[in-house]
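**Q** Before we start, here is the structure in question, set down as structure tokens.
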Amino acid sequence: MEPKISEKAWNPELEKKILQQWEEEKIYDFTPQDDNFTIDTPPPYPSGRPWHIGAAAHYSQIDMIARTARMAGKNVYFPIGIDRNGLPVELYTEKKHKIRMRETERGEFLNLCRDALDDLEAEMLLIMKSLGISGDFANYYRTDSKEYRTLTQSTFIELWKKGEVYLANRPNNYDWVSGTTIADAEITYEDLSTKLVYMKFKIKDTDQEIVIASTRPELLCACRTIIVNPEDERYSQYIGKKIIVPITNAEVELRTHHSAQQEFGSGAVMVCSYGDQNDVALFRELELEEIVAIGLDGRMTEVAGEYTGLKPKQARTKIIEDLETGGLLDKVEDIVHRTPVSERSKTPIEIIPMEEYYLKQKGAVEKIKKLGQEITFHPPMHKQILMNWLESINIDWPISRRRYYGTEIPIWYCKNCSEPHVPEPGKYYRPWEEKCPISNCPKCDSTEFVGEERTFDTWMDSSVSPLFISKFNRDDEFFKKVYPVSIRPQAKDIVRTWLYYTLLRCEQLTGKKPWSEAWIMGYGLDEKGMKMSKSKGNAIDPLPVIEKLGADTFRFWSASEINHGYDFRCNEQKIESTKKFLSKLWNVSRFLSSFPVIESGKLGATDKWILAELDKLVKECKKGYEEYNFFIPAIAIREFTWNVFAAHYIEMVKARAYGIEFSDEERDGAIFTLHKTLSTILKLLAPITPFITEHLWKELYSKDSIHKEKQVTPENIEDQSNITKEISEFNSKVWNEKKSQNLSLKDSIKMEIPESLLEFKKDLKSMHNLLD
RNA sequence: GGGCUCAUAGUCUAGCUCGGUUAUGACGUCGCCCUUACACGGCGAAGAUCCAGUGUUCAAAUCACUGUGGGCCCA
């Protein structure tokens, strides 16, 4: 009998044809019904090649969620978005065109960014499609579109009107060379040599003194407290005492804090506003009032007394001299210090307070905790990340950024009285280039306005994704059907940002939770277990891998290697070896394609046994799919298909299926069971490897797509796994015996069949050519 | 400094919730074999003091405590 499938292996080239078919047949189209399964898909940021292999794995798995839900009979809405706001594209554009953002006309710069994004986006969509993502590509959205930015601005305006937004000063990173604030993401650390200055501080009303070491003596005038480690016995007698700061003669209190390291310097630390990020944290935690020692011009302010107007470095030199003259200097050491520097100018950053907009969040913490409790996390352990974060929130959310490529903050200020004016929601505003929508200031009647130039933190945009996809404020009927959406899949490292901010914003705007389930994935690590990143240079580009091996191989690797929720290592060789399983599946199918598909047959003991094992597999897969943990079905299916079905069952019934020395009825029992088992395997595997299962399904079982099928449900057949063990032990015994006698596998041999396997005697005899 | 998390053969991984098996499977390695689905295959072999220590127990990879090392997040 010639097999219907003739090729000896799965050819990944077929994936392209299948993709085309799916597109033509529109099998993943969505029409809203009363009950929908909506995925709050993370919009990827098109950051250019190489794309992150961990991200490719992540999106493959999100697609498995969609396919699992579809096969469970749900009406799946799987929107696709592209995140296009923020810093990366600005840096990319500056590099690409060798320009500086602030030295380029804003409109022109934005156009360059947009063009860059368009190119990167096209490539990204192509990769996503070729991965087999069954999303709604025809209606993909962009976070920098007019509609999206209108939503971001409208939600801001609503919150502004509710009094949830305010202006405040907070410390910011400042780069003197490029003259701008910079984001934490733009800071790198370099080991720079500097002087560690040991200064003498007097204890008030005594003649005792303590020595304090600092690399920033010029900030003495901004010193607010001295800290020592609570376990440091050298200072225990001084706790709570007043200390006189040298030069300024200000009085500060000595207190304990665990962040003071006994081994560094003298063990006592002066806390100034702001030497480094640690100072910022301490000021916040100890609720100290800041002293601004360095101004926006990069020079010492008037609080520095005689050092006013000097640059910090000059002030440092002079102050060391003065300390020495005054006998207040103990010693100076040359040290190497890990210093935060601007990624681009390579100069040390300063931390200075600047005025920014804040969104209130401290008061919402309890409500968000409650919402968090109502949401099911997959895996449950990652709920803790959110809860820990909520515990540690102690400031409101700074939402303004001094950047260009983002959603503009919709505010105009009266030129005369500075009163801010926020326009009506529902439109997209660009205050930096547009006229104020009102003609007269309601407060002072002036007719001149200045537009706000700042943009929002990009999380202001991303945090309303569930509202955008459910057409909040755009289509009430649609919104009612779709919101709250069903599931938020996302990576572990942005629970504190994306997940939390979404909860906060959606609660503030709708009073409801945005989704009922959150699905959290770990990150992709390199072969040595380090997080992959472009800057480390250890990122693997998924595209060549997918092109070479096919999306299904990649997807099966992702499912079988990534235990859900845990970090995973990426190894090209491992991905490649996954292909073997698809080959196995292909060849099993090829073998079965020589037999007709029949509806029934007389089942023998062997057939009943494999169907019991198959039912066990269905149960196991169901368990995994219900948790959206694809590791469970992937491992179970591979194990069953390869080591039970192919290795033992097929070998046992081969002769029977060919009808050699068996009745037609017995033969049909085998053929029926073979097909029933394979078709079940294909359906179970369809969410994980949609291409090969689609191809084999159509070759063997149906003209219609496997992705329109309902998932198989367990029949609760009694477990027979003890028999599996005995069969495989017996088969091994025969194979070993033949080997030791130097016999070929087809040679006959005399072996005793154990009593427990007598039911299988006829099949075993024909399999091994056993003599009576 | 705080938090989360992990630790099982050269590599990856199951088992740990609820203690008792010869510690699972895969990749890789080695040996034999073209047996009419598959050499991208089959069969077999070697390879692990289950991170360390202490405790509980008749019995610990599994439970408890302490420590060490890695990773990530936050500061």
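**Q** With every protein chain left in place, what is the accessible area per residue of the range A:430-475 in square angstrom, probe 1.4 Å?
**A** 48
**Q** Report the one residue of A:696, A:770, A:653 whose Cα lies farthest in the direction of the positive end of the charge dipole of the range A:646-772 (charges on C-beta: Lys and Arg +1, Asp and Glu -1; origin at the Cα centre).
**A** So the residue furthest toward the plus end is A:696.
**Q** So for the range A:223-271, what are the equivalent ellipsoid semi-axes in whole Å, largest first, each being the square root of 5 times an eigenvalue of the Cα gyration tensor?
**A** Equivalent-ellipsoid dimensions as semi-axes: 18, 11, 9 Å.
**Q** Next question. Between helix A:664-685 and chain A, what is the angle of the helix's C-alpha long axis to the longest principal axis, kept within 0 to 90° and rounded to the nearest 10?
**A** On a 0 to 90 degree scale, this one is about 10.
**Q** Cα to Cα, under 19 Å, and not fewer than 8 places away if on the same chain: which lysines meet these conditions relative to residue A:750?
**A** List returned: A:733, A:738, A:739, A:761, A:762, A:765.
**Q** Please get the size of the charge dipole for the range A:446-534, origin at its Cα centre, with Cβ charges of +1 on Lys and Arg and -1 on Asp and Glu, quoted in debye to the nearest 20.
**A** Taking the Cα centre of the range A:446-534 as origin, the dipole is about 440 debye.
**Q** If you place +1 on the Cβ of every Lys and Arg, -1 on the Cβ of every Asp and Glu, and leave all else neutral, what size is the dipole of chain A about its Cα centre, to the nearest 20 Debye?
**A** I would put it at about 900 debye.
**Q** Return a whole-number percent for the relative contact order of the range A:572-768, with Cα pairs under 8 Å and 6 or more residues apart as the contact set.
**A** Contact order relative to length: 28 percent.
**Q** I'd like to check one number: the per residue accessible area of the range A:572-768, probe 1.4 Å, reported in Å² as a whole number.
**A** 47
**Q** Under a point-charge model restricted to the Cβ atoms of Lys and Arg (+1) and Asp and Glu (-1), what is the dipole moment magnitude of the range A:572-768 relative to its Cα centre, in debye to the nearest 20?
**A** I would put it at about 560 debye.
**Q** Restricting things to Cα coordinates, could you compute the convex hull volume per residue of chain A in Å³?
**A** Cα convex hull per residue, to the nearest whole number: 216 Å³.
**Q** I need to check one value: relative contact order of chain A, counting alpha carbon pairs closer than 8 Å and at least 6 residues apart, in percent.
**A** Normalised by residue count, the contact order of chain A is 16 percent.
**Q** Once you treat every alpha carbon in the range A:540-626 as an equal point and sum by Debye, what is log10 I(q)/I(0) at q = 0.15, 0.20, 0.21, 0.23 Å⁻¹?
**A** With no solvent term, the Cα-only Debye profile gives -0.82, -1.08, -1.12, -1.19.
**Q** Across the range A:430-562, how many lysine pairs separated by 8 or more positions, or lying on different chains, have Cα atoms within less than 17 Å?
**A** Final tally of qualifying lysine pairs is 10.
**Q** Okay, next question. Rounded to two decimals, what is the ratio between the C-alpha radius of gyration of the range A:180-352 and 2.2 N^0.38 Å?
**A** It is 1.01.
**Q** Same structure, new question: Which Cα, out of A:328, A:239, A:347, lies furthest along the positive dipole direction of the range A:180-352 (beta carbon charges, K/R +1, D/E -1)?
**A** Result: A:328.
**Q** Calculate, for residue A:701 and residue A:756, the FRET efficiency according to 1/(1 + (r/R0)^6) with r their C-beta to C-beta distance and R0 41 Å; round to the nearest 0.05.
**A** In this case the efficiency is close to 0.70.
**Q** Okay, moving on. Placing one identical point scatterer on every Cα of the range A:333-472 and ignoring solvent, what is log10 I(q)/I(0) from the Debye formula at q = 0.10, 0.17, 0.20 Å⁻¹?
**A** Rounded to two decimals, the profile gives -0.58, -1.13, -1.25.
**Q** Which FRET efficiency, nearest 0.05, do residue A:473 and residue A:334 yield, Cβ-Cβ r, R0 45 Å?
**A** Rounded to the nearest 0.05, the efficiency is 0.15.
**Q** Can you give me the P(r) profile for the range A:572-768? Cα pairs, bins 5 angstrom wide beginning at 0, each as a whole percent.
**A** Percent of pairs per bin, in order: 1, 7, 15, 18, 20, 16, 11, 7, 3, 1, 0.
**Q** At most 13 other Cβ atoms within 10 Å and a DSSP loop assignment: could you name the chymotrypsin sites (Phe, Trp or Tyr not before Pro) in the range A:260-340 that fit?
**A** Within the range A:260-340, the qualifying chymotrypsin sites (Phe, Trp or Tyr not before Pro) (loop, at most 13 other Cβ atoms within 10 Å) are A:264.
**Q** For chain A, with the dipole built from +1 on Lys and Arg beta-carbon atoms and -1 on Asp and Glu ones, taken about the Cα centre, which of A:543, A:363, A:570 lies farthest toward the positive end?
**A** Projecting each Cα onto the dipole axis, the largest value belongs to A:543.
**Q** Right, another one. Over the range A:406-542, one equal point on each Cα, no solvent: what is log10 I(q)/I(0) by the Debye formula at q = 0.09, 0.12 Å⁻¹?
**A** Taking Cα atoms of the range A:406-542 as identical point scatterers yields -0.46, -0.71.
**Q** Please go through the range A:1-66 and write out the GluC sites (Glu not before Pro) that DSSP classes as loop and that have at most 12 other C-beta atoms within 10 Å.
**A** Passing both the DSSP loop test and the Cβ count: A:7, A:13.
**Q** While we're here: Describe numerically, in nm with one decimal, the distance between label points set 7 Å from Cα along Cα→Cβ at residue A:299 and at residue A:98.
**A** Taking the simple label geometry, residue A:299 and residue A:98 are separated by 3.5 nm.
**Q** With the full set of protein chains in place, find how many percent of the accessible area of chain A is carbon and sulfur; take the probe as 1.4 Å.
**A** Roughly 47 percent, rounded to a whole number.
**Q** On full extension of the chain, what length is gained from residue A:619 through residue A:251, given 0.36 nm per residue of separation minus the C-alpha to C-alpha distance?
**A** 125.3 nm
**Q** Helix A:53-71 against the longest principal axis of chain A: what's the angle in degrees, Cα atoms only, rounded to the nearest 10?
**A** Approximately 50 degrees, to the nearest ten.
**Q** Additional query: With every protein chain kept in place and ligands, DNA and RNA left out, what is the accessible area per residue of the range A:248-327? Probe 1.4 Å, answer in Å².
**A** Ligands and nucleic acids excluded, the figure is 54 Å² per residue.
The values are calculated or read from the model by the stated rules, or taken from the named source; none is laboratory data. A quick note: this is a predicted structure, and the numbers were derived from the prediction, not measured. Note that each Cβ is placed from the backbone with ideal geometry, even for glycine, and that neighbours are counted across all protein chains shown. Heads up: the accessible areas ignore ligands, DNA and RNA and are worked out on the full protein's heavy atoms, side chains in. Shrake-Rupley method; radii C 1.70, N 1.55, O 1.52, S 1.80 Å.
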